[in-house]
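Asks: Got a structure for you, questions after.
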Amino acid sequence: MMELLQYEFIRNAIMAGILASISCGIIGVYVVVKRIVFISGGIAHASFGGIGLGYYLGINPILGVLPFSIASALSMGWVSKRSRLPEDTAIGILWAMGMSIGIILVSLTPGYAPDLMTYLFGNILTVPFSDIVLMLVLDAIIILVVYSFYKEFLALCFDEEFATVRGVHAERLYLVMLCLIALTIVVLIRVVGIILVIALLTIPAAMSRQFTSNLKKMMLLSILFGAVFSSGGIWLSYLFDVPSGATIVLVMSAVYLLYSLVKGISS
Amino acid sequence: MNMTADVVVIKDVWVHYDSIPVLEEINLVIKEHDFLGIIGVNGGGKSTLLKVILGLVKPSKGIVRVFGDTPQISRKYIGYVPQYSLFDLEFPVSVWEVVLMGRLGHTGLFKRYSEDDKRAALDALAKMDMLEYKDRQVGKLSGGQQHRVFIARALAANPKLLLLDEPAAGIDTIIQEEFYELLEKLKTKMAIVLVSHDISAVSVYVDKIACLNHRLYYHDSKELTAEDLEATYHCPVELIAHGVPHRVLKKH
């Protein structure tokens, strides 16, 4: 594997994998313990509207995703808390709406949409350096916000009602958390694509839960798992010339299944 | 409006869920050092009444004042022990972290917990005899121990009013006795309101009793009339009074 590191695209890929592991390691823990996997999947898929917007405006699609995913996060959070619809129904509607907007905008764009598959399924081997800089900035924002609101986020996840009684603005804070999920999705799109994002948000966090009952340790451990598995996935995808995003996800899920199986047998 | 002496004043409060009334024409005054038990059938609006006092449920009509202010302003003085059973026992959080949550209102955003916060949390844990379990994950404790942790969390805020929702549920009789003895001690420092569907457990210990079944029957005392109880429980209830303490028994 060492001789691979002489290629710049491999170094970029590994760097992107590590940056992705940091954001999904931290935010994925919240997604798993607060049990908001479905709404996270919804935000991710609805973000496809942002890809369409990027193509339509002729800008870097990632820059289209950034505002669009934040907008989907805010509207999903708001609708799921305030509307009279059941939460999962409201999320399901917005999920499909965002994707549909994306499909219409792509079809309205004259000419052929290059790299569309890259945004849907990821291709970590083609990450340009400019996107790595963007990932670095988003990671820094995520770390800063989580550091500032750590105790409030913990209370919000554990017992939203009690947090409210103790003066935490639970609804606002929940929206902040959903926005962090949106930022994480932007970081992850290059790595695994919109469709597979949910795997990186759940598998490393779920695995780390098996080893510790402390939220901070869970975060550190899932960052480590994410980094190891994404590097492994990159290597395998290069070796067998298969799509990197799907390989990373399969490596993660295979390890998790094996671990659960072994644990199930031994207990 | 000068109601400073009164802890809670509720005037003609109505609460509707989807136009179905849950609380009707509630009038209630809770005074300093009151130890009030509110009994009633499940679904009679007991938890909702506590949530009205906490400002978590907005009444469709009526006035609620807590320490002379709105519940949103005054809830920093309220300790709340929610119905236990609503927790995710798999949640990765330690006893210490849970009890510190009781201090959230005392530290600002962006700040770590202060030394004062930690001292208050330690005191609360000590009071509940749970210091040795400080670093344990909450889900790994027994039901009774978890219950103590949630009371410690409420006490960590040094409340002037303590609200307990079905506190006796899920703990065995011996621990219940200890628990009520603890409340006896606490009531010198704060007003206490506990709601329960179980008349017999509550009535022995509290100083005042109210009945709630959408409407509240309360005479600022431990006296309940047979009519009150019948209106609350919709079945014949017999009152047996042997002087003090009162025993209220239900006949089935």
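Asks: Which of the peptides A:119-128, A:198-207 is most tightly packed, and how do the rest follow, going by the mean number of other Cβ atoms within 10 Å of each residue? Don't skip to the answer; put the middle values down first.
Replies: Numbers: A:119-128: 20.7, A:198-207: 25.0.
So the peptides A:119-128, A:198-207, ranked by packing, come out A:198-207, A:119-128.
Asks: Quick one: of the DSSP bridges fully inside the protein assembly as shown, what percent are antiparallel, nearest 5? Mind showing how you got there, number by number?
Replies: On the way: 23 of 41 bridges.
Close to 55 percent.
Asks: How well do other chains shield peptide B:97-103, expressed as the mean number of their Cβ atoms within 10 Å of each residue Cβ?
Replies: Details: counts 6, 5, 0, 3, 10, 4, 2.
Counting Cβ atoms of other protein chains within 10 Å of each residue's Cβ and averaging gives 4.
Asks: May I pose another question? Averaged over A:152-165, how many beta carbons belonging to a partner chain fall within 10 Å of each residue's beta carbon? Write down the numbers at each step before the final one.
Replies: Details: counts 5, 0, 8, 7, 0, 4, 9, 10, 0, 6, 11, 3, 7, 17.
Mean partner shielding for this stretch: 6.
Asks: A:K34: which lysines have alpha carbons under 27 Å from its alpha carbon, excluding same-chain residues fewer than 8 sequence positions away?
Replies: List returned: A:K81, A:K151, A:K216, A:K217, A:K263, B:K51, B:K58, B:K76, B:K111, B:K118, B:K134, B:K140.
Asks: Which whole DSSP H helices in chain A pass both tests: a Cα extent of 24 Å or more along the axis and a mean Kyte-Doolittle value no lower than 1.0?
Replies: On the way: long enough: A:8-33 (37 Å, 1.72); A:61-82 (31 Å, 0.94); A:87-108 (32 Å, 1.55); A:129-148 (29 Å, 2.33); A:170-209 (30 Å, 2.09); A:215-240 (37 Å, 1.37); A:244-266 (33 Å, 1.53).
Helices meeting the criterion: A:8-33, A:87-108, A:129-148, A:170-209, A:215-240, A:244-266.
Asks: Would you mind classifying chain A by shape? Square roots of the alpha carbon gyration tensor eigenvalues, ordered a ≥ b ≥ c; an a/c under 1.5 is rounded, otherwise it is prolate if a/b is larger than b/c and oblate if not. Mind dumping the intermediate values first?
Replies: Details: a/c = 1.71, a/b = 1.09, b/c = 1.57.
Oblate, since a/c reaches 1.5 and b/c is not below a/b.
Asks: For Cα pairs less than 8 Å apart in space and 6+ apart in sequence, what is the mean separation divided by the residue count of region B:106-172, i.e. the relative contact order in percent? Before the final figure, lay out the partial values.
Replies: Numbers: 39 pairs, mean separation 23.2, N = 67.
Normalised by residue count, the contact order of region B:106-172 is 35 percent.
Asks: Follow-up question, since we're still on this one. Quick one: which of B:16-24, A:32-40, A:12-20, A:58-66 comes out on top by average Cβ neighbours within 10 Å, and what's the full order, highest first?
Replies: On the way: B:16-24: 13.3, A:32-40: 20.7, A:12-20: 22.8, A:58-66: 18.2.
Packing order, densest peptide first, comes out as A:12-20, A:32-40, A:58-66, B:16-24.
Asks: Using +1 on the beta carbon of Lys and Arg, -1 on that of Asp and Glu, and nothing else charged, what's the dipole of the protein assembly as shown about the Cα centre, debye to 20? Present the calculation step by step, with values, prior to reporting the outcome.
Replies: Numbers: 44 positive and 46 negative charges, 130 e Å.
Using only the charged Cβ atoms, the result is roughly 620 debye.
Asks: Taking square-rooted eigenvalues a ≥ b ≥ c of the alpha carbon gyration tensor, is the protein assembly as shown rounded, prolate or oblate, where a/c under 1.5 means rounded and, failing that, a/b exceeding b/c means prolate? Provide the component values of the computation, followed by the final result.
Replies: Working: a/c = 2.70, a/b = 2.09, b/c = 1.29.
Prolate, because a/c is 1.5 or more and a/b exceeds b/c.
Asks: Which FRET efficiency value, to the nearest 0.05, is calculated for B:N158 and A:L144 with the Förster distance at 22 angstrom and r the Cβ-Cβ distance? Please list the in-between numbers first.
Replies: Values: r = 32 Å, r/R0 = 1.46.
Once rounded, the FRET efficiency stands at 0.10.
Asks: Whole Å is fine, so just give me how far the alpha carbon centre of region A:99-131 lies from that of region A:167-220.
Replies: 24 Å
Asks: Given an 8 Å cut-off on Cα distances and at least 6 residues of separation, report the relative contact order of chain A as a percent. It would help to have the intermediate numbers written out before the result.
Replies: Values: 393 pairs, mean separation 83.8, N = 267.
31 percent.
Asks: Label-point separation (nm) for A:F9 and A:L239, each offset 7 Å from Cα along Cα-to-Cβ?
Replies: 2.0 nm
Asks: Evaluate the relative contact order of region B:5-97 (contact order divided by residue number), counting alpha-carbon pairs under 8 angstrom at least 6 apart; express in whole percent.
Replies: In percent, rounded to a whole number, it is 30.
None of the figures in this text is laboratory data; all of them are computed from the coordinates on show. Just so you know, these numbers come straight off a predicted model, no measurement behind them. FYI the Cβ positions are ideal-geometry reconstructions off the backbone, even for glycines, and counts take in every protein chain you see.
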